[in-house]
Protein chains: 4
Amino acid sequence: MAAVNSHQWPVRVYYENTDAGGVVYHAQYLNFMERARTEWLRHLGFEHTTLLQEYNCVFVLHSMQIQFKKSAKLDDLLTISSEMTKTGHGSVEFLQTIQLNQQTLITAQVKLACVHALTFKPIPVPIAVKRIMENQVVESV
Amino acid sequence: MAAVNSHQWPVRVYYENTDAGGVVYHAQYLNFMERARTEWLRHLGFEHTTLLQEYNCVFVLHSMQIQFKKSAKLDDLLTISSEMTKTGHGSVEFLQTIQLNQQTLITAQVKLACVHALTFKPIPVPIAVKRIMENQVVESV
Amino acid sequence: MAAVNSHQWPVRVYYENTDAGGVVYHAQYLNFMERARTEWLRHLGFEHTTLLQEYNCVFVLHSMQIQFKKSAKLDDLLTISSEMTKTGHGSVEFLQTIQLNQQTLITAQVKLACVHALTFKPIPVPIAVKRIMENQVVESV
Amino acid sequence: MAAVNSHQWPVRVYYENTDAGGVVYHAQYLNFMERARTEWLRHLGFEHTTLLQEYNCVFVLHSMQIQFKKSAKLDDLLTISSEMTKTGHGSVEFLQTIQLNQQTLITAQVKLACVHALTFKPIPVPIAVKRIMENQVVESV
């Protein structure tokens, strides 16, 4: 069951996402999860381009633990769940799952770091962004 | 037979390039051809990053006519041929083919425009670049 | 203006679709157009997997002419229009455009061939599919 | 320093691998690592298509832990190292790194499961494959 404060995003599987094994190419699941995090951000009122232009901030992957339990196939309509599990000074953590008809195909623990758009040096998560992210978490419990 | 003044570049097909149809996903051939044009440029002494930093110049696709004759498969070792057929004031044209064991799978007529890296407005092909490109053509005949 | 009988499909631009030039990587537009053709098929009642399982039929790219007029950017919400312009014995032709806020970024003439899923030999478009495709065209005029 | 029994594979970064952040799109590193594992297999005398045709065997991702330390950029020539750390009954484990000029950008612990090509059910790693994989490890120490 998805957590109460998780954000859901639908993703359809197209030919471009599959490989000659007949299923989704494994790295594509990372794309799907990134789309879902982007839509979660947009839902909070932020676009990547806004973060860039207003805060010189880009969220980059710090680390990821991913379990591939079952494969998705062509034409599947998947649900990507994103639940923020922690906000640090300069990082954000998520638990993400990819489901098909309530069955979990993929789970991932994802840590993102906030970096400066030009130097790629770590910077604090902008306060305005952090505040909204955290209210989001509290609000949904 | 490849033209005498054409540049050749090998490309191996991996799972990431294939789709559930069991063959290479069609849009991937454009990636392969872009790699070959990049290596042709590098062979002439230019990297994309040099063009960017020294000339604020990026080559972008203007138009393309592509014929898909036969599909490539997983593990195939392809040869991408790139022949510059025309240099204009602000553009460059290529004839590119993708071959497997001398058999042509794909042919494409490709026109690139030179644009400013920030504004994306058309600019002339930098003289130094154009001169080397054109010598290249003559030299190889 | 989109043709009356054209099918529309929205596509959001994510980081995965962009490149270091700051815009959408050119080959990704082909992915977007393939998604739109897939959704057009689904709208007619056919999925790729149905075509495969019931008719051993796969539609593959035969040829494409594509004009890149303007680039799409991160976060853009694009509209892909697909208009079937011709059904042949063993092929289907489309005019497709990619638009942002009514402005046309990309136009493409696309010809698909129907091939056998295992042999990749040309086969006729299945009658049931063709009939529905053609009614679709007439219906919408 | 790379382990003595690790396999090395060069990968060039092209526009297709980068994103609007100006660096390699994170999921592309998984593609690079898959290419390196494929070349390691080929080096041992096996191609994916052979495994499929002779053993009905496909290696699929079971799980992955990945640390993104530093980003790769357009035109970078990367080295992907693959060291097999364990062969189980039905799985194989790797330590993989991505380096640029001796500097480690990415490290990953990767576990692959051997599954039947049609059913995707777990099967033992084919004996002939396993034997060669294990000799490979011993041989290189």
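Only the coordinates and a few stated rules stand behind these numbers; no lab work does. Since this is a predicted model, take the numbers as computed values, not measurements. For neighbour counting, all protein chains shown are included, and Cβ atoms are generated from backbone atoms with ideal geometry for every residue, glycine included.
Here are some notes:
- Any chance D:ALA36 is of a type outside the set (Lys, Arg), within 14 Å of chain A (Cβ to nearest Cβ) and outside any strand (DSSP E or B): yes
- Of all residues in the range D:25-81, those satisfying the criterion of being among the acidic types (Asp, Glu) and touching an Asp or Glu at 6+ places or on another chain (Cβ under 7 Å) are D:GLU34, D:GLU47, D:ASP75.
Matching residues to (1) without any contact (Cβ under 8 Å) to a residue 24 or more places away in the chain; (2) not aliphatic (A, V, I, L, M):
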position: B:HIS43; (1), (2): no, yes
position: B:PHE46; (1), (2): no, yes
position: B:THR49; (1), (2): yes, yes
position: B:LEU52; (1), (2): no, no
position: B:TYR55; (1), (2): no, yes
position: B:PHE59; (1), (2): no, yes
position: B:GLN67; (1), (2): no, yes
position: B:LYS70; (1), (2): no, yes
position: B:LEU78; (1), (2): no, no
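- Which numbered condition B:LEU30 fails, given (1) touching a residue at least 12 places away in the same chain (Cβ under 8 Å); (2) away from chain A (no Cβ under 14 Å); (3) in a helix (DSSP H, G or I): (2)
Yes/no matrix, rows are residues, columns are (1) under 14 Å from the mean Cα position of the chain (by Cα); (2) surrounded by fewer than 17 Cβ atoms within 10 Å (Cβ to Cβ); (3) over 30 Å from D:ASN56 (Cα atoms); (4) of a type in the set (S, T, N, Q):
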{"position": "A:VAL24", "(1), (2), (3), (4)": "no, no, no, no"}
{"position": "A:GLU39", "(1), (2), (3), (4)": "yes, no, yes, no"}
{"position": "A:HIS43", "(1), (2), (3), (4)": "yes, yes, yes, no"}
{"position": "A:LYS70", "(1), (2), (3), (4)": "no, yes, no, no"}
{"position": "A:GLY90", "(1), (2), (3), (4)": "no, yes, yes, no"}
{"position": "A:THR97", "(1), (2), (3), (4)": "yes, no, no, yes"}
{"position": "A:THR107", "(1), (2), (3), (4)": "yes, no, no, yes"}
{"position": "A:HIS116", "(1), (2), (3), (4)": "no, yes, yes, no"}
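- Qualifying residues in the range C:50-62 (those that are facing chain B (nearest Cβ under 9 Å) and surrounded by fewer than 18 Cβ atoms within 10 Å (Cβ to Cβ)) - the one nearest to A:LYS73 (Cα to Cα): C:LEU52
- Every condition in (1) more than 13 Å from every other protein chain (Cβ to nearest Cβ); (2) more than 21 Å from B:VAL23 (Cα to Cα); (3) in a helix (DSSP H, G or I) is met by C:GLU16 except one, and the failing one is (1).
- Comparison of D:LEU52, D:LEU74 shows that the only residue that is among the aliphatic types (A, V, I, L, M), under 20 Å from D:PRO122 (Cβ atoms) and more than 16 Å from the chain's Cα centre (by Cα) is D:LEU52.
- Selection count where residues are touching a helix residue (DSSP H, G or I) at 6+ places or on another chain (Cβ under 6 Å) and not in a loop (DSSP other than H, G, I, E, B), scope the range D:39-62: 1
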